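Following this message is one structure expressed as structure tokens.
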Amino acid sequence: MKKIITFAMLGLTPLWALAIDLYRPVGGRSNAMGGTSVSARDVWAWQNNPAGTAYLHGWQAGLYYENRWMLRETAFKSAVLARSIEGIGCLGLSVNQFGGTEYSENKLGLGYARAFGPYLQLGLQVDGIWLHWGEGYRDRRGLSFALGMQSQLTERLRIGACVFNPLQIGMARDEGSLLPMTMRVGLSYRFTDGFVGQGEWAYDHSRQGMRLGGGFEYAVSDRFSLRAGAQYHPNLVSFGAGYRIGSIRMDVSGQLHQLLGASVQVSLEYQR
């Protein structure tokens with residue numbers, strides 16, 4: 001009943017107010033740790049902070065699926081591909097899709113990242129965006145970009161920042177429709193070799209509010225890790241685990257919302 005009431009309220013919301021999750025945290029690890037991703041270094045950085053791919057090696061690929069609130073209509077899918085070239089940097093391709101036949105958000109990104117020493121890594125991703133509505137509404141398309149940076153301040157402390165659509169670019173042929181601008185700043189601190197904490201602050205211009213998140217990861221062994229975290233706005237608790245077999249890593253996570261219920265995330269990564 002709570003879900004029905006909530007989605008009835010969403011139905012009274014202007015359609016553009018719903019198009020606000022083009023740069024949501026992606027990856028089972030990040031979602032398990034309270035949605036903290038801007039300071040992480042993995043292939044999912046192409047969706048979270050392009051600068052986080054600057055130190056990737058060789059070919060890497062990933063697949064991700066999220067069943068938000070256990071509803072098919074709010075499912076989120078993503079795929080990424082990264083290629084690191086010595087002396088040049090890391091090139092990336094990302095694609096994601098949220099929603100169903102009546103409404104969907106689709107994004108295709110091309111990115112480049114490079115490390116300028118341990119204290120500065122920069123990344124840029126150019127995104128093509130397509131918002132689709134069902135019959136009776138006109139689809140909208142646009143082009144924007146994301147800028148990211150990371151810095152390894154000490155052996156244990158790393159910081160990161162990323163902004164999507166800093167120029168508040170609108171959709172083509174629709175002057176009144178602006179893409180949302182999101183900004184995120186965070187840090188990652190390694191307390192011990194097997195224990196890591198992450199924290200993040202995010203601001204979403206479309207919601208005119210901020211999100212706070214934090215989480216921890218404990219490496220039980222070289223292959224197996226446990227994670228937990230929490231978020232504010234929206235209020236969520238999260239947990240998850242990761243397991244690595246050779247070149248493949250699988251991460252699963254779950255999030256609990258006091259009104260909307262549970263969401264489940266699963267991601268697979270491959271490194272060659």
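State yes or no: is Gly246 loosely packed, with under 13 Cβ neighbours inside 10 Å and either over 21 Å from Ala51 (Cβ atoms) or under 16 Å from the mean Cα position of the chain (by Cα) (or both)?
Here the answer is yes, as Gly246 does meet what is asked.
Any residue in segment 69-95 that's surrounded by 14 or more Cβ atoms within 10 Å (Cβ to Cβ): show its pairings with residues that are assigned to a helix (DSSP H, G or I) and of a type in the set (Gly, Ala, Ser) at Cβ separation under 9 Å, as long as the two are six or more apart or on different chains.
What qualifies is Val80/Ala45; Ala82/Ala45; Gly92/Ala45.
Let's see how each residue does on (1) under 22 Å from Gln271 (Cα atoms); (2) touching a Phe, Trp or Tyr at 6+ places or on another chain (Cβ under 9 Å); (3) modelled with pLDDT of 95 or more:
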site: Leu81; (1), (2), (3): yes, yes, yes
site: Gln97; (1), (2), (3): no, yes, no
site: Lys107; (1), (2), (3): no, yes, no
site: Tyr112; (1), (2), (3): yes, no, yes
site: Ala115; (1), (2), (3): yes, yes, yes
site: Gln121; (1), (2), (3): yes, yes, yes
site: Leu131; (1), (2), (3): no, yes, no
site: Asp139; (1), (2), (3): no, yes, no
site: Leu153; (1), (2), (3): no, yes, yes
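Another question about this same structure. Which members of segment 261-272 meet the condition of being within 20 Å of the chain's Cα centre (by Cα) and under 22 Å from Arg68 (Cβ atoms)?
Taking segment 261-272 and keeping what is within 20 Å of the chain's Cα centre (by Cα), we get 262-271.
Listed by number, the residues that qualify are Ala262, Ser263, Val264, Gln265, Val266, Ser267, Leu268, Glu269.
Report whether or not Ile88 is among the aliphatic types (A, V, I, L, M) and modelled with pLDDT of 85 or more.
yes
Out of everything in segment 212-242 that is closer than 19 Å to Glu200 by Cβ and of a type in the set (D, E, K, R), what residue ends up being surrounded by the fewest Cβ atoms within 10 Å (Cβ to Cβ)?
Among those that are closer than 19 Å to Glu200 by Cβ and of a type in the set (D, E, K, R), it is Glu217.
Can you go through Gly134, Gly117 and tell me which one is free of Cβ contacts under 8 Å to residues at least 12 places away in the same chain and over 29 Å from Leu212 (Cβ atoms)?
None of the other options fit; the residue is Gly117.
Of a type outside the set (Asp, Glu), over 27 Å from Val252 (Cβ atoms) and in contact with a Gly (Cβ under 9 Å, 6 or more places away or on another chain), is that true of Gln121? Full working, then the answer.
Details: of a type outside the set (Asp, Glu): yes; over 27 Å from Val252 (Cβ atoms): yes; in contact with a Gly (Cβ under 9 Å, 6 or more places away or on another chain): yes.
Taking the combined requirement at face value, the residue satisfies it.
The values are calculated or read from the model by the stated rules, or taken from the named source; none is laboratory data. Nothing here was measured: the structure is a model prediction, and the numbers come from that model. Counting neighbours? That spans all protein chains shown, and the Cβs are built from the backbone with ideal geometry, glycine included.
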